[in-house]
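The values are calculated or read from the model by the stated rules, or taken from the named source; none is laboratory data. Treat the numbers as computed from the prediction; the structure is a model and nothing was measured. Here the Cβ is made from the backbone with ideal geometry for all residues, glycine too, and neighbour counts use every protein chain on show. These area figures cover heavy atoms from the full protein model, side chains too; ligands, DNA and RNA do not enter into them. Shrake-Rupley method; radii C 1.70, N 1.55, O 1.52, S 1.80 Å.
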Amino acid sequence: MTKNTVIVCSEEILGGTPVFKGTRVPVKTLIEYLKGGDSLGDFLEDFPTVSKGQALQVLDLAKDALLSDSDETPA
């Protein structure tokens, strides 16, 4: 899974803000919803152009990015 299969950055869409592919929904909106205590279901209900699969892929990308260095054993 690569970022460009689910996230698009284009100056023509919200000035280059990363959005879910095929939508104008910023990826950061998902993070803000979850940070604010809303559920994934709440986000999907409010942004029906984003599929559950897309949202889960973005969360997997974020997890992979954050944990990629954690494979190293602490000293």
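Observations, loosely collected:
- Residues in segment 20-75 that are of a type in the set (S, T, Y) and at pLDDT 95 or above were compared, and the one that is farthest from N4 (Cα to Cα) is S39.
- Taking segment 41-56 as the range and being open to solvent by 60 Å² or more (accessible area, probe 1.4 Å) and farther than 14 Å from R24 by Cα as the test, the residues that pass are D42, E45, K52, L56.
- Count of segment 48-61 residues which are more than 13 Å from the chain's Cα centre (by Cα) and not polar (S, T, N, Q): 1
- Each residue in segment 15-33 was checked for being out of contact with any helix residue (DSSP H, G or I) (no Cβ under 7 Å at 6 or more places or on another chain), assigned to a helix (DSSP H, G or I) and surrounded by 14 or more Cβ atoms within 10 Å (Cβ to Cβ), and 2 of them qualify.
- Within segment 57-72, considering residues that are touching a residue at least 12 places away in the same chain (Cβ under 8 Å) and of a type outside the set (G, A, S), the one surrounded by the fewest Cβ atoms within 10 Å (Cβ to Cβ): D60
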